[in-house]
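The values are calculated or read from the model by the stated rules, or taken from the named source; none is laboratory data. Keep in mind the model is a prediction, meaning the values are calculated, not measured. Backbone-built Cβ (ideal geometry, glycine too); neighbour counts: all protein chains shown. These area figures cover heavy atoms from the full protein model, side chains too; ligands, DNA and RNA do not enter into them. Shrake-Rupley method; radii C 1.70, N 1.55, O 1.52, S 1.80 Å.
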Amino acid sequence: MSTLFVSRERRHDKLFSGLVVGAAAYTLLMVGLVVFSVGRGSIDIFSAEGLEFIIQSNWNAVEGRESFGAFPYIIGTLLSSAIAMVIGVPISLAIAIFISEIAPPRIGTPLSFLTELLAAVPSIIYGLWALFVFRFWVRDLIEKPLYDAFGGSIPFFAKTPFGLDIFTAGIVLAIMIIPIISSICREVMRVVPDSQREAAYSLGATRWETIRMAVFPYVKSGLVGASMLGLGRAVGETILVTMIIGNVIGPSAIPTTFFSQGQTLSSLIANEFNEASSELHLSALIALGAILLILTMGINIIARLLVRKKIKTASGAKSQ
Amino acid sequence: MLISKILIGISAAILLATSTILPSATFAQNAVTINGAGATFPFPLIDTWRVEYQKVQPGVNINYQSIGSGGGVKQFTEKTVDFGATDAPLTQNESQKVPGTVHIPETIGSVVAAYNVPSVPDKGLKLSGEVLADIYLGKITKWNDPKIQSLNTDKTLPGDDIVVVHRSDGSGTTFVWTDYLSSVSPAWKEQLGKGKSVEWPVGIGAPGNEGVANAIKGTPNTIGYIELSYALTTNTPFAFIQNKEGNFVEATLNSTMSAVQSYVTTLPKGDGIWTDVSLVNAAGADAYPIASFSYLLLHKEMSTNPNLDQAKAKALVDFISWAITDGQKIGESLDYVPLPDGVVKLNQDTLKALTFNGQPIT
């Protein structure tokens with residue numbers, strides 16, 4: 001009787017572990033397939049143009065004149081994400097500090113819930129809102145005053161703004177990445193043991209000094225990791241960006257001012273993939289995807305390494 | 001444990017039953033579904049045809065996916081659909097991949113230059129082809145440039161920058177627009193040429209006709225190109241463009257029809273090469289200079305398409321015969337320009353020449 005039960009459990013165990021291993025293998029397989037097909041698709045353009053593709057600026061799909069280059073879109077991606085980070089990271093940090101250090105729980109809990117609600121909004125809703133409402137606010141309340149004040153003196157502001165440009169894209173991307181960065185920062189700060197804070201207070205530190213001395217050293221790498229994850233999200237954002245960045249192509253896509261139109265790697269793929277019919281054009285678009293993949297993978301790997309280092313430090317410190 | 005096993009068994013049984021019973025239910029009705037894909041421009045028309053044709057032939061359902069001209073050509077080449085639809089005829093490269101294609105123009109559209117100039121609230125700003133090309137090349141940058149002002153002495157134009165709008169997605173509308181600019185401006189032809197997507201030197205890109213119309217409405221001092229039907233439905237003012245004879249013509253059903261009329265005798269046969277077919281810059285005192293066909297693509301020997309059997313091929317050909325004759329009146333009420341008689345005759349000859357396994361279909 002007992003031997004019957006043992007053998008059934010072993011069978012179920014094997015089945016269960018088989019399913020779980022299969023699921024993990026499936027994940028690896030999918031990543032491998034994506035990398036493989038993106039690589040295979042970009043072979044045409046790289047054999048036609050070599051690595052020049054990455055630094056060229058033209059984008060001509062007309063039959064007989066085909067020539068493609070990814071440079072303006074790499075710049076566009078990096079610039080719009082940079083603006084998003086410059087605006088988004090300080091605000092996320094401020095929100096995280098407020099919720100974890102300063103606010104009483106009855107304010108902190110609903111506030112953290114609300115910020116995470118922002119993350120749940122689909123990005124196309126942001127895009128529609130930006131296109132129909134927000135870009136006019138940005139144009140009239142931020143861009144026009146900046147242009148009037150600095151248009152003559154600083155070349156970065158020397159273009160008549162009308163709302164559909166890299167600047168607006170950066171601002172809306174910032175709104176999108178704030179929930180991610182702030183929730184991770186908040187969690188990472190919460191892990192810091194209260195004994196550290198109490199020690200700082202007992203030495204006579206003010207609230208800001210406590211945060212600076214007791215909390216920040218603990219969570220530095222976690223904060224950087226969170227920002228990198230936000231950066232990864234901003235870099236990959238497609239539909240939102242294509243609705244408000246202006247969609248220019250070719251050499252005119254290299255932004256020279258904050259109010260220039262631009263184009264990112266993902267938005268160009270989204271715009272042209274459906275209609276591209278020539279082999280070289282398709283290959284160029286897939287190659288843009290390859291560059292984007294490498295960029296995002298790199299950012300995510302760095303983020304993972306930093307967050308893991310933070311957890312190791314915290315658990316190591318706790319066990320002391 | 002036992003209850004969950006029972007539940008799994010029941011749901012499996014239900015799944016099995018529905019997957020076998022439902023398909024046989026559709027077979028029982030003897031319905032034919034014809035699948036097509038392609039250009040967005042004729043989608044409202046084809047969709048209305050789908051509804052109206054069901055009154056003529058209740059068993060026939062047309063399933064059309066408007067994924068864009070390029071997508072339509074791709075799916076047609078890969079034989080995943082029964083017919084393709086495109087605003088631009090097949091290029092040389094594309095025809096090499098699928099020899100034996102016939103083009104059947106099923107409707108006509110025209111592209112207008114829509115604008116948003118606060119001091120010119122109505123349609124009627126006069127523009128010439130060279131001026132439009134220079135605007136899109138970035139050579140004319142202000143609305144009160146003498147080249148524009150001299151054509152419009154009765155209007156006050158602002159000294160603001162012209163904000164140029166073009167398409168961000170590949171599009172048949174872009175193909176027609178750049179075809180026109182190439183034919184009126186040697187500089188444009190040399191620098192940019194014509195295509196579903198070109199390397200715009202200036203301007204912002206918006207997706208789809210709707211996106212361009214929205215960009216024009218939302219930002220002052222803009223100019224952009226959209227299909228006439230979109231300009232009419234969104235009440236966007238558009239320009240009167242100078243035609244070959246020198247007259248400034250408004251885009252209407254009549255002026256577009258007269259443009260097409262002048263090209264009818266030059267069209268190739270259905271199974272010929274349509275790559276260079278162009279209706280822009282037509283001769284004729286009241287011809288509108290930016291008109292174009294929208295085409296349906298079929299295989300001449302229809303059995304080469306594995307999706308088609310004899311019955312489906314006949315149903316498809318019957319539908320197209322109806323669309324190019326009775327269907328044209330329906331198009332008029334939706335602001336689609338009807339085919340002139342010469343083109344209808346050309347199409348009917350093309351349909352007569354279609355075969356299935358060597359046998360004519362009609």
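Annotations
- Prolate/oblate/rounded call for the stretch B:287-352, Cα gyration tensor, a/c under 1.5 rounded: prolate
- Backbone N under 13 Å from the A:ILE91 label point (7 Å along Cα→Cβ), restricted to the stretch A:173-187: A:173-182
- Calculated mean residue ellipticity at 222 nm for the protein assembly as shown: -17500 deg cm²/dmol, from DSSP H runs with n ≥ 4 weighted as -39500 (n - 2.57), summed, divided by the residue count and rounded to 500.
- Net length gained if the chain between B:LEU232 and B:THR265 were fully extended (0.36 nm per residue, minus Cα distance): 8.9 nm
- The local environment of B:GLN328, defined by Cβ-Cβ distances under 14 Å, has a net charge of -4 under the rule Lys, Arg +1 and Asp, Glu -1.
- Estimated translational D of the stretch A:160-261 in µm²/s (Stokes, Kirkwood radius over Cα pairs; 20 °C; 1.002 mPa s): 132
- Calculated translational diffusion coefficient of chain B (37 °C, 0.692 mPa s; Stokes-Einstein with Kirkwood radius over alpha-carbon pairs) equals 149 µm²/s.
- Rg and Dmax, both from the Cα atoms of chain A and both in Å, are 24.4, 91.
- Which listed pairs, of B:LYS126/B:LYS244; B:LYS142/B:LYS194; B:LYS139/B:LYS217, have C-alpha distances above 19 Å, in listed order: B:LYS142/B:LYS194; B:LYS139/B:LYS217
- Taking a point 7 Å out from the Cα of B:THR156 in the direction of its Cβ, the residues of the stretch B:97-138 whose backbone N falls within less than 13 Å of it are B:118-121.
- Normalised by the number of residues in the stretch B:129-215, the average gap of Cα pairs under 8 Å and 6 or more apart makes the relative contact order 34 percent.
- Counting DSSP beta bridges with both ends in the protein assembly as shown, the antiparallel % (nearest 5): 60
- Taking only the Cα atoms of the stretch B:228-272, the ratio Rg/Rh comes out at 1.10, with Rh defined as the Kirkwood radius.
- Solvent-accessible area lost in complex, 50 Å² minimum, residues of the stretch A:263-292 relative to chain alone, 1.4 Å: A:ASN271, A:ASN274, A:GLU275, A:SER277
- Kirkwood-based shape ratio for the stretch A:28-109, expressed as Rg/Rh from alpha carbons: 1.29
- Reach of B:LYS314 by Cα under 29 Å, taken over lysines that are not fewer than 8 positions away in the same chain: B:LYS55, B:LYS74, B:LYS79, B:LYS97, B:LYS269, B:LYS300, B:LYS329, B:LYS345, B:LYS352
- Approximate spin-label separation B:LYS217-A:LEU118, in nm, with each point projected 7 Å along Cα-to-Cβ: 3.0
- Over every Cα atom in the stretch B:128-175, the radius of gyration and the widest Cα-Cα span, Dmax, amount to 12.4, 37 Å.
- FRET E, pair A:LYS220, B:LYS300, Förster distance 60 Å, beta-carbon r, rounded to 0.05: 0.30
- Measuring how big the stretch B:153-194 is from its alpha-carbon positions, Rg and Dmax come out at 13.7, 37 Å.
- Charging the Cβ of each Asp and Glu at -1 and of each Lys and Arg at +1, and nothing else, the dipole of the stretch A:1-117 about its Cα centre rounds to 700 debye.
- In this simple spin-label approximation, B:ASP286 and B:GLN54 carry label points 7 Å from Cα along the Cα→Cβ vector, and these lie 3.9 nm apart.
- Summing Cβ point charges (Lys, Arg +1; Asp, Glu -1) relative to the Cα centre of chain A gives a dipole of roughly 1520 debye.
- Inter-part distance where the stretch B:92-109 and the stretch A:169-196 are each reduced to a Cα centre, Å: 55
- Ranking A:LEU285, A:SER227, B:VAL337 by how far each Cα lies toward the positive end of the dipole of the protein assembly as shown (charges on Cβ) leaves A:SER227 at the top.
- When the charge dipole of chain B is built from unit charges on Cβ atoms (+1 for Lys and Arg, -1 for Asp and Glu) and taken about the Cα centre, the candidate among B:LEU316, B:THR265, B:LEU151 whose Cα reaches farthest toward its positive end is B:LEU316.
- Label point distance in nm, B:THR325-A:TRP137, each placed 7 Å from Cα along Cα→Cβ: 5.9
- Long-range lysine pairs (8 or more apart or interchain), chain A, Cα under 26 Å: 7
- Centroid-to-centroid separation of the stretch A:240-258 and the stretch B:261-284 [C-alpha atoms, Å]: 37
- Once you divide the Cα radius of gyration of the stretch B:50-189 by 2.2 N^0.38 Å, the number left is 1.42.
- Semi-axis lengths, Å, the protein assembly as shown, gyration tensor of Cα atoms, sqrt of 5 times eigenvalues: 51, 39, 22
- Å³ per residue enclosed by the Cα convex hull of the stretch B:200-358: 156
- Pairs of alpha carbons in the stretch B:164-232 whose separation is greater than 18 Å (percent): 34
- Here the scattering of the stretch B:322-362 is modelled by Debye summation over its C-alpha atoms, one equal scatterer each and no solvent; at q = 0.20, 0.27 Å⁻¹ the log10 of I(q)/I(0) is -0.65, -0.87.
- Residue-normalised convex hull volume from the C-alpha trace of the stretch B:162-284: 127 Å³ per residue.
- Peptides ranked, highest mean first, by Cβ atoms within 10 Å: ranges B:111-122, B:48-59: B:111-122, B:48-59
- When only Cα pairs below 8 angstrom with a gap of at least 6 residues are kept, chain B shows a relative contact order of 22 percent.
- Square roots of five times the Cα gyration tensor eigenvalues for the stretch A:131-199, Å: 38, 16, 9
- Value of Rg to Rh for the stretch A:190-320, rounded to two decimals, is 1.21; Kirkwood radius and Rg both from alpha-carbon coordinates.
- As a length-normalised measure over Cα pairs under 8 Å and 6 or more apart, the relative contact order of chain A settles at 27 percent.
- Whole-Å distance, taken between Cα centres, linking the stretch A:120-161 and the stretch A:55-98: 17
- Highest-fluctuation residue, A:ALA253, A:ALA174, A:ALA205 considered, GNM on chain A with Cα pairs under 10 Å: A:ALA205
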